[in-house]
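Please treat every number below as a calculation from the coordinates, not as lab data. Owing to the predicted nature of the structure, the values given are computational and were not obtained by experimental measurement. Heads up, the Cβs are rebuilt from the backbone with ideal geometry, glycines too, and the neighbour counts pull from every protein chain shown.
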Amino acid sequence: MYSYPNLTRRQNQVLSFLRNFKEEEGIAPTYREISGHFGFKSTKAALDHVRALEKKGFVRLHGNRSRSIEIVSLESDPKGNVVSIPILGEVPAGTPEKLEENRTDAIAIDEMIINNCKGHQLFALKVTGESMIGRNICDGDWVIIDPNVPPKEGEVVVALIDGDTTLKTLSKKKGRYFLKSENPNYPDWIPMKEMTVQGVVKALIRRI
C-alpha cells in the first residue's frame, strides 16, 4: 500500500478504498458507498474528500453521474516509468542513532509516486520505532528520501542531530529549528550543537 505525504490520513484512506473497490468490483464506488464504508453522516463528506483527491491529481471526476470517479491508476498510466531506488539501511523513528550506510537492496516504484524528482539522488530507508505514528509512519515502513530539495517547516525529514540520525517532523519555535516527534510517548529533539537535514520524505511504502 502506498501512502502519500501530500495527502491527509483520511485522504489516503479514501484513495485506498477507491482503488480496492475498483479492483474487487470492477467499477468505482458511489458517494453513498464511500460514506457507508467510513461512517460519514452525509455523502457531502465523501464528495469533499474525493474533490480534494481530484485537486491533487489522484482521481478524475466526470460530471455528477453515479460512479463517475475515475481512479488515476499507476499501472494504467501510459507515462508511468518504473524507477529503482536504493535501500541504504534503517532510520530510527525514536531515539536518534548512528546511521551506517548499508546498501542492502532496491525498491522499484512508479515514478508518479515521486513526482518532480527526476534526476534527484533518491534513497530509501526502513523505519524502526514508533515516534512518527501520528503522521501514519509505522515501524517496518519504507520511506523514500529526497536529499536534493530544501526542507520546509512541517515536513517529515531525516536529520543528523548532534551526530546521530533520526526521522522526525521539522519544526520551529522562537526562530529555532528542532525535531518534533508525532507520538506523545516520545520526546522532541532540540540540537545541543548542530542539526543537518539529510533529506525530505517524499513517499511512504508499506507492506500489508
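Pair-distance distribution of region 82-205: all C-alpha pairs, bin width 5 Å, starting at 0; shares per bin in whole percent are 2, 12, 23, 24, 21, 11, 5, 1, 0. For trypsin sites (Lys or Arg not before Pro), the sites in region 143-208 that DSSP calls loop and that have at most 11 other Cβ atoms within 10 Å are Lys152, Lys174, Lys193, Arg207.
Classified by the C-alpha gyration tensor, region 7-71 has a rounded form. Its axis ratio a/c, with a ≥ b ≥ c, is below 1.5. In this simple spin-label model, placing a label point 7 Å from the Cα along the Cα-to-Cβ direction at both Thr95 and Lys44 gives a separation of 5.1 nm. Here region 117-158 is scanned for amide nitrogen atoms under 18 Å from the site 7 Å beyond the Cα of Lys56 along Cα-to-Cβ, giving 117, 133-138, 142-146, 152-157. A simple spin-label model places the labels of Ile27 and Lys152 4.0 nm from each other, with each point 7 Å out along Cα-to-Cβ.
With the cut-off at 20 Å, tell me which of the pairs Lys118/Lys202; Lys152/Lys180; Lys56/Lys173; Lys168/Lys193 have Cα atoms farther apart than that. Those over the limit are Lys56/Lys173.
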